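The values are calculated or read from the model by the stated rules, or taken from the named source; none is laboratory data. Nothing here was measured: the structure is a model prediction, and the numbers come from that model. Cβ sites come from the backbone with ideal geometry, for glycine too, and all protein chains shown count toward neighbours. These accessible areas exclude ligands, DNA and RNA; they are computed on the full protein's heavy atoms, side chains included. Shrake-Rupley method; radii C 1.70, N 1.55, O 1.52, S 1.80 Å.
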Amino acid sequence: MNLDKAGALRMKTSTAKSGLSRQTKDSITGLLMVFPSFLLLVFIVILPISLAVRESLLDPNGALSLANYKYLFTDKAMKNNIIFTLNLTVVSTVITLILGYILAIYLRFSKGRISEWIRKLYFIPMFIPAVIATYGIINMYGNHGWLARIVLALGGDSFPRFIYDYNGLLLANLWFNIPFTAMLLSSALAGIPNSLIESARDVGAGKLNLFTKFIVPMTYKTVLVAATFSFMGIIGSFTAPFLIGPNAPQVLGIAMQQSFSIYHDVGIASAMAVFMFLLCSAMGYFYIRSMVKEEPAGR
């Protein structure tokens, strides 16, 4: 009997050791699989951000200083650039969400040839390179573009200014971001069962109640995702602002490029980069915090 107990104890001990060994091997395998992604994150994201923070805190003599950030928020031209960038980003994001939502709702609840054509074609701008799309905007909306020629041929005196102006950047941002936003919202709306919509209509829910009580709550998270991606994409855009943006004020991406490559002021350029990173981080934090708050309610 004692021999049987000893044998059983040895078997349990051997099993525990082999199980621990397997767990260790699985852990090592998992770490090895994650390690390349971690290295990529370090060299592409963490290291450049750390270097930018360091450069932004150094004065021309190499001493620690907040002079670069002080200049960023006290210089008149730089303050105008910040206000211009934030205004353009917020307005573009809001209009993108509104138009993308309207387009997604139309495609979800409309049937017919027009909606089918729109459904097939609305995402084409996503596959057109930004530089080609920007030159297309120049040829279409420039002072000597196609629309300006048509207006003048019909007897018009002038054509609204789009190129090298706020309006042109707004138009470009809408072109680049509405298709992606509409695609995200269309996927969310497609997940709403038709039976739910029909049941709500059967109990007397009108279009407004249907939208506010059912559609908005069920697509709220997707709207936050679309807003986050649109905000980050717009505030960090470069191609369109470089080609059709005004000389003054400028978006921060262009001002940062000029400070770095033309004026060779690495400290100011790094301060702008850190400021833009903090803005995007704040938007990302708002999104993550909203998702965390919503999680317990969904359980």
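The set of residues in segment 61-79 being open to solvent by 70 Å² or more (accessible area, probe 1.4 Å) and either under 27 Å from the mean Cα position of the chain (by Cα) or not charged (D, E, K, R) (or both) consists of Asn61, Leu64, Leu66, Tyr71, Phe73, Thr74, Lys79.
Out of curiosity, is Ile98 within 26 Å of the chain's Cα centre (by Cα) and open to solvent by 50 Å² or more (accessible area, probe 1.4 Å)? Judged against the criteria, Ile98 is a match.
For segment 267-285, the tally of residues that are touching a residue at least 60 places away in the same chain (Cβ under 8 Å) and surrounded by fewer than 17 Cβ atoms within 10 Å (Cβ to Cβ) stands at 1. Summed over segment 155-176, the residues that are at pLDDT below 80 and among the polar types (S, T, N, Q) give a count of 1.
Close contacts from segment 42-53, counting a first residue that is without any contact (Cβ under 8 Å) to a residue 40 or more places away in the chain and surrounded by 11 or more Cβ atoms within 10 Å (Cβ to Cβ) and a second that is assigned to a helix (DSSP H, G or I) and aliphatic (A, V, I, L, M), with Cβ to Cβ under 9 Å and a gap of 6+ residues or different chains, come to Pro48/Ala273.
Only one entry of Ser110, Ser92 meets the criterion of being among the small types (Gly, Ala, Ser) and either under 28 Å from Gly168 (Cα atoms) or in contact with a strand residue (DSSP E or B) (Cβ under 7 Å, 6 or more places away or on another chain) (or both), and that entry is Ser92. Considering segment 163-184, the residues that are under 25 Å from Ala248 (Cβ atoms) and open to solvent by 50 Å² or more (accessible area, probe 1.4 Å) include one that is nearest to the chain's Cα centre (by Cα), namely Phe176.
Considering only residues that are open to solvent by 60 Å² or more (accessible area, probe 1.4 Å) and in contact (Cβ under 8 Å) with a residue 40 or more places away in the chain, look in segment 212-265 and name the one that is nearest to Val90 (Cα to Cα). Top of the filtered list is Met232.
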